[in-house]
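Note sheet for the following structure.
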Amino acid sequence: MTRHRGNSRAAWCVAALLSLSAGVARAEPSADQAAAAEALFREGRELVANGKLAEACPKFAASQRLDPGYGTQWNLADCLERLGRSASAWAAFREAADMASRAGQADREAKATRRAADLEPKLERLSIAVSAPADGLVVRRNGAVLDAGAWGAALPVDPGKHRVEATAPGKKPFSVEVQTAGPGKVVTVGVPPLEDDATAAAAAAPPQPGGAAEPGPAAPPAPAAGDGDGGAGTRRTLSFVAGGVGVAGVVTGSIFGLIASSRWNRAQDEHCRTRTLCDDQGVALVDDARGAAALSNVGFIVGGIGLATGVALFVTSLGGDGRPPREQPARIVVTPAVGLAGGGLGLQGRF
């Protein structure tokens, strides 16, 4: 069974874009990644056919991470539901519905939405109530940090046992293991006020008089590299780093602009009778073009900010002989311009 891949592969591209300094994000998975994703998907299908659900679900999850697609997401959600992990399956079906919605596939969206709706009344929930939060309190559920905004909320969890932990500086940790109560029911765990940890307080207490001699005053730190010139060297180095990020952003924006233009032109030339009347492949190509155009915008914006910051840092470093910088500040205006047919970047300044 072949997999159906949707426009959601753009999601991992956004994450790659945030690491511009390490290189330009790829528009698509490599051939090796795509092959590995396909192999894992087929292996998962075979394991499901043999009733080995516990082994099949991780295969689908690994395949989805390599090359996201609606078909893989659907099979993962179905596998998790059959394995009894209702909350994980519910979330996976909702993600599948969202992927179908972004791809303009209404029938698939409705199908995944129905499966999620069927599971919702059966969900088991866990609420963690914090009555008196200490400074620096951290609450974890099954080892993962739970955001403070989620405290007190009845959140869906898979059936079974769950560990709740709470820690704070200078306090004794709290932990408890709880069991879910069944479909549709909520279990509430109260985190009590944490007790003071006398051992931690003693370790942090200052030394008493008459004890070991206190060390003399520390020698002043050696001046950092670049301090002798008023920090100009540091600013100049940072200007090159920021400029490199800016160039990478512009290159990335250009690549995604070309991808958007290519997808759009192919859809209009081969699959669309008008700009809005297209067959299924045309709709997918147009959706891909829009996603690439959005990523192109992000690339140009990041590139513009990087270039502007680099120029500003370089200009201010020119007055690094200890004298105050010039009163007239550098003024930089960056204007990204991206559409389905391509993109560009305008840069104007006064120094």
Suppose we keep only residues that are surrounded by fewer than 24 Cβ atoms within 10 Å (Cβ to Cβ) and small (Gly, Ala, Ser) within the range 70-96. Which one would you say is farthest from Glu28 (Cα to Cα)?
Gly84
Within the range 84-119, residues under 26 Å from the mean Cα position of the chain (by Cα), in a helix (DSSP H, G or I) and small (Gly, Ala, Ser) come out as Ser86, Ala87, Ser88, Ala89, Ala91, Ala92, Ala96, Ala97, Ala100, Ser101, Ala112, Ala116
Subset of the range 248-259 (residues that are at pLDDT 80 or above and under 17 Å from Ile301 (Cα atoms))
Ala248, Val251, Thr252, Ser254, Ile255, Leu258
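Name the residue, out of Ala132, Ala116, that is surrounded by 16 or more Cβ atoms within 10 Å (Cβ to Cβ) and of a type in the set (A, V, I, L, M, F, W, C).
Ala116
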Can you give me the number of residues within the range 119-129 that are surrounded by fewer than 13 Cβ atoms within 10 Å (Cβ to Cβ) and closer than 16 Å to Ala87 by Cα?
1
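Only residues that are exposed (fewer than 10 other Cβ atoms within 10 Å of the Cβ) and under 11 Å from Lys171 (Cβ atoms): list them for the range 135-153, please. Talk me through it step by step, then tell me what you get.
Initial filter on the range 135-153 (exposed (fewer than 10 other Cβ atoms within 10 Å of the Cβ)): 135, 143-144, 147, 149.
The answer is Asp135, and nothing else.
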Enumeration of residues in the range 121-151 that are without any contact (Cβ under 8 Å) to a residue 12 or more places away in the chain and either closer than 10 Å to Ala166 by Cα or among the charged types (D, E, K, R) (or both)
Val145, Asp147
List the residue pairs whose Cβ atoms are under 6 Å apart, where the first residue sits in the range 59-85 and is modelled with pLDDT of 95 or more and small (Gly, Ala, Ser), the second is open to solvent by 20 Å² or more (accessible area, probe 1.4 Å) and in a helix (DSSP H, G or I), and the two are 6 or more positions apart or on different chains.
Ala61/Leu76; Ala62/Leu40; Ser63/Leu40
Name the residues in the range 5-35 that are farther than 24 Å from Glu109 by Cα, open to solvent by 40 Å² or more (accessible area, probe 1.4 Å) and either at pLDDT 95 or above or not in a loop (DSSP other than H, G, I, E, B) (or both), would you?
Ala15, Ser21, Ala22, Ala31, Asp32, Gln33, Ala35
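What number of residues in the range 149-179 are part of a loop (DSSP other than H, G, I, E, B) and over 12 Å from Val139 (Cα atoms)? Can you show your working first?
Taking the range 149-179 and keeping what is part of a loop (DSSP other than H, G, I, E, B), we get 151-154, 158-160, 168-170, 172-173.
Now narrow it down to the ones that are over 12 Å from Val139 (Cα atoms): 153-154, 158-160, 169-170, 172.
Summing the residues that are part of a loop (DSSP other than H, G, I, E, B) and over 12 Å from Val139 (Cα atoms) in the range 149-179 gives 8.
The values are calculated or read from the model by the stated rules, or taken from the named source; none is laboratory data. Only a predicted model underlies this, so the values are computations on that prediction, with no experimental measurement involved. Note that we place each Cβ from the backbone using ideal geometry, even for glycine, and neighbour counts take in every protein chain shown. Calculation scope for accessible area: heavy atoms of the full protein, side chains included, ligands and nucleic acids excluded. Shrake-Rupley method; radii C 1.70, N 1.55, O 1.52, S 1.80 Å.
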